[in-house]
Amino acid sequence: MSRESEAIEDIRRLLAMTWRTWGNEPLNPNSITRTWSLDLGWLSPQDSENLLTKLIAKGWLESSDLGLSPKSDYSKINVPLGWFPRQRLIEEPPIFPLPKEKIEKVEEQKNNQTNIFDKENETKKELTKDPKNDTREFDVINLLQMISKESKLSQKTIMERAQQKRKTLGHVTIWMALFLVARELSVNVKDLLE
């Protein structure tokens, strides 16, 4: 069994144990971390909060007005007696694996979006031919330089953070990810827009 498949199995067991008494009922985040740290004694309260945040970011849990719930049904997962999560799971949990059907659907959507973006780009080119239609786009390189100058961080570090934002958030443009990074670094975003 590979490390990633072991980690995936660990998360399934963790979620199965967490929701065993609750069924598929959404839980309050505090209840989940309290279960992991106090009831089951697996993690410290801080590690529980960190892991919960990572599992949400990696797509294992869904959020609603009622609380958090797992994306799949783990009620049939067998958890051996005395099992507890491995340390590497806490440090870097894997991304929620999509079923094969969903992967194919996502690929199809990407292909459709590519066609839509191609059409949008053609439309933008047509619009920019006419000086009356001003469709300014953000100059990513200039934006990166400005954030770097204001935050005193290297452009490479800022771009890595922006790429991480894009991975976490999904379909976000690079300039929007850069704006989010700038905001986190307390760079005045209004000045960047001007």
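The values are calculated or read from the model by the stated rules, or taken from the named source; none is laboratory data. These figures come from a predicted structure and were not determined experimentally. FYI the Cβ positions are ideal-geometry reconstructions off the backbone, even for glycines, and counts take in every protein chain you see.
Values as computed for the structure displayed
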{"read-out": "Single match in Thr18, Thr33 (criterion: buried (at least 16 other Cβ atoms within 10 Å of the Cβ), in contact (Cβ under 8 Å) with a residue 12 or more places away in the chain and farther than 17 Å from Phe96 by Cβ)", "value": "Thr33"}
{"read-out": "Only listed residue being surrounded by 12 or more Cβ atoms within 10 Å (Cβ to Cβ) and modelled with pLDDT under 75, chosen from Ile90, Ile95", "value": "Ile90"}
{"read-out": "All positions within the stretch 42-73 that are closer than 18 Å to Thr21 by Cα and of a type in the set (D, E, K, R)", "value": "Lys71, Asp73"}
{"read-out": "Failed item in (1) surrounded by 12 or more Cβ atoms within 10 Å (Cβ to Cβ); (2) at pLDDT below 80; (3) in the same structural domain as Glu25 (by TED's automatic domain parsing), with Leu127 passing the rest", "value": "(3)"}
{"read-out": "Matching option when the condition is outside any helix (DSSP H, G or I), within 24 Å of Gly170 (Cα to Cα) and of a type in the set (D, E, K, R), among Glu62, Glu4, Glu49", "value": "Glu62"}
{"read-out": "Close pairs from the stretch 59-85: first touching a residue at least 24 places away in the same chain (Cβ under 8 Å) and of a type in the set (Gly, Ala, Ser), partner in a loop (DSSP other than H, G, I, E, B) and surrounded by 13 or more Cβ atoms within 10 Å (Cβ to Cβ), Cβ under 6 Å, at least 6 apart", "value": "Gly59/Phe96; Ser64/Pro26; Gly67/Pro26; Ser69/Pro26"}
